[in-house]
Structures are given as structure tokens and as C-alpha cells.
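Colleague: I'd like to ask some things about the structure below.
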Amino acid sequence: MTETRNLTLGEIEDIAFRALVAAGTSEANARPLAAATASTEADGVASHGLAYIPIYAEHVQCGKVDGQAQAVLSQPRPGVICADAATGFAHSAIDAGFEKLIPLAREQGVAALAIRNSYNCGVLGIHTARLAEAGLMGIGFTNAPASIAPSGGAKPVVGTNPFSIAAPGADGQAEVLIDQSASTIAKSEVMKHAREGKTIPEGWALDAQGNPTTDPEVGLKGSMAPSGGYKGVGIALMTEMMAAAMTGATLGTEASPFSGTAGGPPKTGQFFLAIDPGATSGNDFGARIAALAASIRDQENARLPGDGRKAKRARAQTEGVAVNVATLDRINAIFG
């Protein structure tokens, strides 16, 4: 049985922040990443939470990410914000970009944020949900090192490449939150199973010849299985076009891995669209979204995307989160 320890969200953010700073990250860069880590744990996505802090720390120390970087923002068009993350963490670049994106979208009705030369942004839905909390429809894309082969092929050409869309609700939260990768399961889940010495379900990954495997180590050397076959490949390609081609970031085939120390900075990208629903819907958006959500929630056993995370977060705020003790041990090792 896995040993766990219960931590509050404040304690999770604190230990993540201190570990990142101890590894050489500036406080300005460590704070948004630590806050996102706590939010991720609250949402029940442990594979992207504290388990990633030792990886982040290792990558700061080996130069895969610049913990001291400062994003450089520009506005080449009235409705477009560009951010060069300077090989630093995506989270602080996103924070800086959102400070300009949100008021710009409210003023113009729609605005875009393109980020290049960045690093893993963690759970993409954390960021689009922030746009929804600001009353905007938030759409996001982020690319990753190649791990999905094209239909009929066996050599990876695109990453698991998540996309997310978050719709604002009347309660100031995301009423609907879609956040999914192009693969059957996030690659970090396969990595987590490999670390824990567990097999993976068939259908999660493929070996180097394109055959199904239940061995996570074999899958990590092969490719991730696309969700829905060729449709998953299409989603990955769409995200690659938006997050890499549209931002000037590195393609997944050229990006160094998000795990291990091989290669330099991955220099991947993120792309966000923020839309003011009032500008497009004639002020009918709120009623339409509420009715759409109700049509799903009113059905027994039906699930609306985002409701699960919302419920877990509410529990986490009062009860805390059970954290793997082995993960805490790896983080404590960062302090020496």
C-alpha cells in the first residue's frame, strides 16, 4: 500500500515554492508554478502536481529550464500579445501575458496570447479556467516533445499536445472545463507508473513497432496511443499548428524531452484565445451555457467536464490532499 501524508493546499504550495527556490529558481518564477502545483493537487491530477517538482528542480539545475528567466512581452497587433519565455517556466510567462490578455479581450471582444521558447505548462486547464473566472471563454493549446506516431506510422512526430476550453459560469468559476490530451492518457501517467514499477492498461502506449504494450518502460521508448485513433492524431496536429507554428516555438520533433536531463531547453509553446461572450452572443451566453450544463447534470450518472475537478477542489480546500510520502522524500532531498 502506498504511504501518504495529508497536506493542506497552503502546505503544498509552500513546499513546492521552497524546493523550486532551493534549486535555483527566482521567487518570481517559483510562486506561480507553486500555486499551480497546489491547484493541480486540489484538482486530483497528482501526476502533474508535487510529483513534478523534483523534475522541475533537476531541470533548473541542469539548464534545461532557466529558473531566473524573465519573459519579454510585445504587442505586434492590437489584439495580439506575444511572450518570449526566454527558456524559462511557462507559468510566469502566462501570468505576465494574462495581465495584458484579459483586459484586452474585454476591450476588443477577442484577443490572443502566443508564447514561445517556454517549458512544460503543467495542467493546461488550470490556465484556461483562470480566463473563465475572469468572465471570458478561454481556449488554450500547448505542444510537447514528439511522442505520438502518425496514422499508419510508428515514429513519433507530435506530442500528447493537450487542448483546453473553459466556459465562464454565473458563480465566477468555469461552468464547463474541457482539458484533454491527444493521447489516450497523459504521458506523465505512464511515467508515474514506470516510477512506481506498475504495469499500464493496454491501450495507453505502443512499443517501437507500433504494437500495444502494458510495460510503461517499453511504451516510453515507443509512442503514446492516440485517443480515438486517427482522430487523436488530428487533435495533436491541430495543437501543434496552434502552439508551435502559430507561436514560432519549437516543433515536437525538435524539442528535448520534458523528462531526464538530455538536450537543452525544449523551447515549446502555448497559445491562448480569450473571448468576451457578451461581444458575440447578444448577452445570451450565460443562459445558453447554464441550459447546456443542466441538460447533462439532469441525467443520472452523466458527467459534465470539469465537475469532477470542481468537487475534488472543494474537498481539498477543507480536508487537504493525501500526498505520496515517496514524492515528499524526493522533494526534501532537494534541500540537501
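The values are calculated or read from the model by the stated rules, or taken from the named source; none is laboratory data. These numbers were taken from a predicted model, which means no experiment stands behind them. All Cβ positions, glycine included, derive from the backbone under ideal geometry; neighbour counts span all protein chains shown. For the accessible areas, the whole protein counts, side chains as well, though only heavy atoms, and no ligand, DNA or RNA atoms are used. Shrake-Rupley method; radii C 1.70, N 1.55, O 1.52, S 1.80 Å.
Colleague: Looking at segment 237-277, which of its residues are within 24 Å of ALA132 (Cβ to Cβ) and not in a strand (DSSP E or B)?
Modeller: Step one: filter segment 237-277 for residues within 24 Å of ALA132 (Cβ to Cβ), giving 238-239, 241-243, 246-247, 268-277.
Correct list: MET238, THR239, MET241, MET242, ALA243, MET246, THR247, ASP276, PRO277.
Colleague: Filter segment 143-170 down to the residues that are among the hydrophobic types (A, V, I, L, M, F, W, C), in a loop (DSSP other than H, G, I, E, B) and buried (at least 24 other Cβ atoms within 10 Å of the Cβ) and list them by number. Don't jump to the end; show me each part of the working.
Modeller: Looking only at segment 143-170, we keep the residues that are among the hydrophobic types (A, V, I, L, M, F, W, C), and these are 144, 146, 148-149, 154, 157-158, 163, 165-167, 170.
Okay, now just the ones that are also in a loop (DSSP other than H, G, I, E, B), so 144, 146, 149, 154, 157, 170.
Across segment 143-170, the qualifying residue is only ALA144.
Colleague: If you don't mind, another one. Residue check: is ALA290 over 24 Å from the mean Cα position of the chain (by Cα), of a type outside the set (Ser, Thr, Tyr) and part of a helix (DSSP H, G or I)?
Modeller: Numbers: over 24 Å from the mean Cα position of the chain (by Cα): yes; of a type outside the set (Ser, Thr, Tyr): yes; part of a helix (DSSP H, G or I): yes.
For ALA290, the condition - over 24 Å from the mean Cα position of the chain (by Cα), of a type outside the set (Ser, Thr, Tyr) and part of a helix (DSSP H, G or I) - is met.
Colleague: With (1) touching a residue at least 60 places away in the same chain (Cβ under 8 Å); (2) touching a Gly at 6+ places or on another chain (Cβ under 9 Å) as the list, and VAL60 as the residue in question, which single condition is left unmet?
Modeller: VAL60 satisfies every listed condition except (1).
Colleague: Residue under question is PHE258, and the condition is that it be closer than 17 Å to ARG116 by Cβ, modelled with pLDDT under 95 and open to solvent by less than 50 Å² (accessible area, probe 1.4 Å); does it hold?
Modeller: Values: closer than 17 Å to ARG116 by Cβ: yes; modelled with pLDDT under 95: yes; open to solvent by less than 50 Å² (accessible area, probe 1.4 Å): yes.
So PHE258 passes the test.
Colleague: Determine whether VAL65 is within 16 Å of the chain's Cα centre (by Cα) and in contact (Cβ under 8 Å) with a residue 24 or more places away in the chain. Reasoning before the result, please.
Modeller: Numbers: within 16 Å of the chain's Cα centre (by Cα): no; in contact (Cβ under 8 Å) with a residue 24 or more places away in the chain: yes.
It is false that VAL65 is within 16 Å of the chain's Cα centre (by Cα) and in contact (Cβ under 8 Å) with a residue 24 or more places away in the chain.
Colleague: Among (1) open to solvent by less than 20 Å² (accessible area, probe 1.4 Å); (2) more than 16 Å from the chain's Cα centre (by Cα); (3) at pLDDT 95 or above, where does VAL72 come up short?
Modeller: Every listed condition holds for VAL72 apart from (1).
Colleague: Also: Out of all the residues in segment 26-44, is one or more in contact (Cβ under 8 Å) with a residue 60 or more places away in the chain, touching a Gly at 6+ places or on another chain (Cβ under 8 Å), under 25 Å from LYS312 (Cα atoms) and open to solvent by 30 Å² or more (accessible area, probe 1.4 Å)?
Modeller: Yes: segment 26-44 contains one or more residues that are in contact (Cβ under 8 Å) with a residue 60 or more places away in the chain, touching a Gly at 6+ places or on another chain (Cβ under 8 Å), under 25 Å from LYS312 (Cα atoms) and open to solvent by 30 Å² or more (accessible area, probe 1.4 Å).
Colleague: Provide a single number: the residues in segment 88-117 that are more than 12 Å from ASN29 (Cα to Cα), surrounded by 15 or more Cβ atoms within 10 Å (Cβ to Cβ) and of a type outside the set (A, V, I, L, M, F, W, C). So that I can check it myself, show each step before the final result.
Modeller: In the first step, residues of segment 88-117 are kept if they are more than 12 Å from ASN29 (Cα to Cα); the result is 97-117.
Those left that are additionally surrounded by 15 or more Cβ atoms within 10 Å (Cβ to Cβ): 97-98, 100-102, 104-106, 109-117.
In the following step, the residues that additionally are of a type outside the set (A, V, I, L, M, F, W, C) were identified as 97, 100, 106, 109, 116-117.
Here the count works out to 6.
Colleague: Is it fair to say PRO54 is farther than 25 Å from SER181 by Cα, of a type outside the set (Gly, Ala, Ser) and open to solvent by 20 Å² or more (accessible area, probe 1.4 Å)?
Modeller: Taking the combined requirement at face value, the residue does not satisfy it.
Colleague: Could you please tell me which pairs satisfy a Cβ distance under 8 Å, a separation of 6+ or placement on different chains, a first residue in segment 278-298 that is polar (S, T, N, Q), and a second residue that is assigned to a helix (DSSP H, G or I)?
Modeller: Qualifying pairs under 8 Å: SER281/ARG288.
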